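To keep things clear, I will list the structure first and then write my remarks on it.
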Amino acid sequence: MSRIPLIAGNWKMYKLSGEATDLVKALIPAANSVDYCEVAVCPPFTALSVISNLVKGTKISLGAQNCYPEKEGAFTGEISPAMLKDIGCKYTIVGHSERRKYFAETDAFINQKLFKLYEYNLLPILCVGETLEEREAGKMKEVVGSQIKKGLANVPEEKMQTTVIAYEPVWAIGTGKNATPEQAQEMHLFIRALLGEIYNATLAESIRIQYGGSVKPSNVKELMSQKDIDGALVGGASLKSDQFIPIIKFRD
Ligand code: PGA
């Protein structure tokens, strides 16, 4: 089964609305020119509205970086999946390692977010990945396996079909030190096999598994050439058009 790679920019807490506008305007022609991948940008909440209007009718999809797992309510400072849908989002990142680390997000909480996103037909990008300490202890499969099983607990097959997984080794995020294509492929294959066990082989073959962690123009081609790597979740290099455009055009 062929999987269309998803190249998504995670802008984190960067870009005022004017800066976001300039960046997206520069990305639109590049995204429109490629037919071998899908492109998405995940701006901060404050720029979603302006970017939503700009990407209408283009090949850029809109994503959010987080959500709170309720439709609405007295949750000061939070943003609901209903609001994200309303503003034009297609994707929402959940379980990013920065949220796990700085905001103490648990797998159970991340699982709740997935269910709320499904209710609003938003496609989750579920991030998993081990720390350097865990890798050095040889525990990466144990850790990632547990994040996958707990994060996806009780997710039915038809919802899993709409879910993207992002394997992001924590030691590679923002460090400039990417996983080698072989290290990444090994973990992607492990995740796909696990999805095969939880669901079935046909479903596992259809799921997109992105790699994230210091993806840049110089390493994207090699990473994307791996059999089980179906796109990239890009932080730092997605903030500059001269970096993100060659990543989008990784096959040109
Ligand atoms: P990075 O971030 O590309 O800056 O390493 C990736 C991510 O956090 O999604």
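The values are calculated or read from the model by the stated rules, or taken from the named source; none is laboratory data. Here the structure is a predicted model, which is why all the values come from computation and not from measurement. Quick reminder, even Gly has a Cβ in these numbers, built from the backbone with ideal geometry, and neighbours come from all protein chains shown. Each accessible area value is taken on the protein alone, full model and side chains, heavy atoms only, with ligands, DNA and RNA left out. Shrake-Rupley method; radii C 1.70, N 1.55, O 1.52, S 1.80 Å.
Once the Cα gyration tensor of the stretch 164-241 is diagonalised, what are the square roots of 5 times its eigenvalues, in whole Å and ordered largest first, as equivalent ellipsoid semi-axes?
23, 11, 11
Select from the stretch 1-103 those GluC sites (Glu not before Pro) which occupy a DSSP coil region and have at most 13 other Cβ atoms within 10 Å, ordered by residue number.
Loop-located and lightly packed - 72.
Need one number: the % of Cα-Cα pairs in the stretch 8-57 sitting beyond the 14 Å mark.
47
Averaging sequence separations of C-alpha pairs under 8 Å and six or more residues apart, then dividing by the length of the stretch 1-86, give the relative contact order as a whole percent.
28
Over the chain, what percent of the accessible surface lies on carbon and sulfur atoms, probe 1.4 Å?
In the chain, the share of accessible area belonging to carbon and sulfur is 53 percent.
Can you pull the three principal axis extents for the Cα set of the stretch 74-190, in Å, largest first?
42, 32, 23 Å, listed from the longest principal axis down.
Heavy-atom accessible area of residue 99 with all protein chains present, probe 1.4 Å, nearest 10 Å²?
Result for residue 99: roughly 60 Å² accessible.
Within 10 Å, Cβ to Cβ, of residue 130, how many net charges do the neighbouring residues add up to if Lys/Arg are +1 and Asp/Glu are -1?
-2
Rounded to the nearest 500, what is the chain's calculated 222 nm mean residue ellipticity when only DSSP H runs of at least 4 contribute -39500 (n - 2.57) each, over all residues?
Using -39500 (n - 2.57) per qualifying helix, the result is -13000 deg cm²/dmol.
Looking only at Cα atoms, what is the convex hull volume of the chain per residue, in Å³?
118
Starting from the alpha-carbon convex hull of the stretch 2-141, give the projected area averaged over all orientations, in nm².
So the mean shadow area of the Cα hull is 10.1 nm².
Using amide H atoms built 1.01 Å from N in the peptide plane, name the residues 5+ places from residue 40, or on other chains, whose amide H lies under 5 Å from its own.
Close amide H contacts, sequence-distant or interchain: 7, 8, 9, 61.
Taking H as built 1.01 Å from N, whose amide H comes closer than 5 Å to the amide H of residue 215, not counting residues under 5 places away?
Residues meeting the criterion, in which the H sits 1.01 Å from N, are 235.
Rolling a 1.4 angstrom probe over the protein chains, ignoring ligands and nucleic acids, what is the accessible area of residue 33 in square angstrom, nearest 10?
Accessible area, nearest 10 Å²: 70 Å².
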